[in-house]
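K.L.:
The structure's right below; bear with me while I get my questions together.
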Amino acid sequence: MSWLRDIDRWFMAEVLPHAAAYRAKAAHFCGRDDADDLVQEAYARVLKTPDFRAIVSARGFVLTIVHNLALERLRRANVVRIELLASLDMLDVADPAPDAFAVAAGRSDLRRLLQLIDELPPQCARVLHMRKIQGMPPIAIAEALSISVSTVEKHIAKGLALVTKARRDSETQVEEVCPAFPKSRSGTLT
């Protein structure tokens, strides 16, 4: 069998012995009728892997591919069979959008950051706002304010240092106001 490539030998030794597990996983997601097609598609992707030697667990790798292919098929399907809807709960597809708490926390952090920037010296605040909030490059800031790029970079460094120090100071104050409970209590509650 000298005509076999290294990936072919690896495939036969590491991937094929677990074919039943791949079919079972595929059948769980797309039904027994389409399970073989899904597994064959997974095999094709495995054989296209450029660095198969880096794969630690061939079984886990193929099962992940089967899972991802099933997700792709479910996403692209115009009609999803009702028995497959139960599988959707097991897919653990997270909504990429932030939840309400993350949005509120982000807005609060942004308000606090803008407040700290406003407390900086005027030119430093202007430069930092243009760079970090508006996203302007230092060259454009220098042109807009008629100052050198070096001065812009110094204002940015100074502003970031002052904002960082102010944030650390406010976090320290919060820790002093709300100290953590000691790990061991000397007295007992009755």
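The values are calculated or read from the model by the stated rules, or taken from the named source; none is laboratory data. Because the structure is a prediction, the values reported are computed rather than measured. Cβ coordinates were reconstructed from backbone atoms using ideal geometry, including for glycine residues, and neighbour counts include every protein chain displayed. Side chains included, ligands, DNA and RNA excluded: accessible areas come from the protein's heavy atoms. Shrake-Rupley method; radii C 1.70, N 1.55, O 1.52, S 1.80 Å.
K.L.:
Arrange the residues T49, T64 by how much accessible surface each exposes, largest first, with a 1.4 angstrom probe.
P.N.:
Largest accessible area first, the residues go T64, T49.
K.L.:
Ok, one more. How large is ³J(HN,Hα) for each residue in segment 113-120, as worked out from phi by the Karplus curve 6.51 cos²θ - 1.76 cosθ + 1.60 (θ = phi - 60°), to whole Hz, x for Gly and Pro?
P.N.:
5, 4, 5, 5, 5, 5, 7, 6
K.L.:
What's the carbon and sulfur percent of segment 107-156's accessible surface, probe 1.4 angstrom, rounded to a whole number? Walk me through the numbers on the way to the answer.
P.N.:
Working: 1660 of 3120 Å².
Using a 1.4 Å probe with all protein chains present, segment 107-156 comes out at 53 percent carbon and sulfur.
K.L.:
What fraction, in whole percent, of alpha-carbon pairs in segment 1-54 exceed 13 Å separation?
P.N.:
Details: 880 of 1431 pairs.
Every Cα pair in segment 1-54 considered, those over 13 Å come to 61 percent.
K.L.:
What's the FRET efficiency of A105 with S170 using the Cβ-Cβ distance as r and R₀ = 22 Å, to the nearest 0.05?
P.N.:
Values: r = 15 Å, r/R0 = 0.69.
Using R0 = 22 Å, I get an efficiency of 0.90.
K.L.:
Multiply the residue gap between L145 and T49 by 0.36 nm, knock off their C-alpha separation, and tell me the result in nm, one decimal place.
P.N.:
Working: separation 96, 0.36 × 96 = 34.56 nm, distance 5.25 nm.
Here the segment from L145 to T49 would lengthen by 29.3 nm.
K.L.:
R0 = 30 Å: FRET efficiency of R59 with A97, Cβ-based, nearest 0.05? If you can, show how the numbers build up before the last one.
P.N.:
On the way: r = 33 Å, r/R0 = 1.11.
According to the calculation, E is roughly 0.35.
K.L.:
Near K25, which lysines are there with a Cα under 30 Å away, not counting those fewer than 8 places off in the same chain?
P.N.:
Cross-link targets: K48.
K.L.:
Which order do M12, M130 take by accessible area at a 1.4 Å probe, largest first? Walk me through the numbers on the way to the answer.
P.N.:
Numbers: M12 90, M130 25 Å².
Sorted by accessible area, descending: M12, M130.
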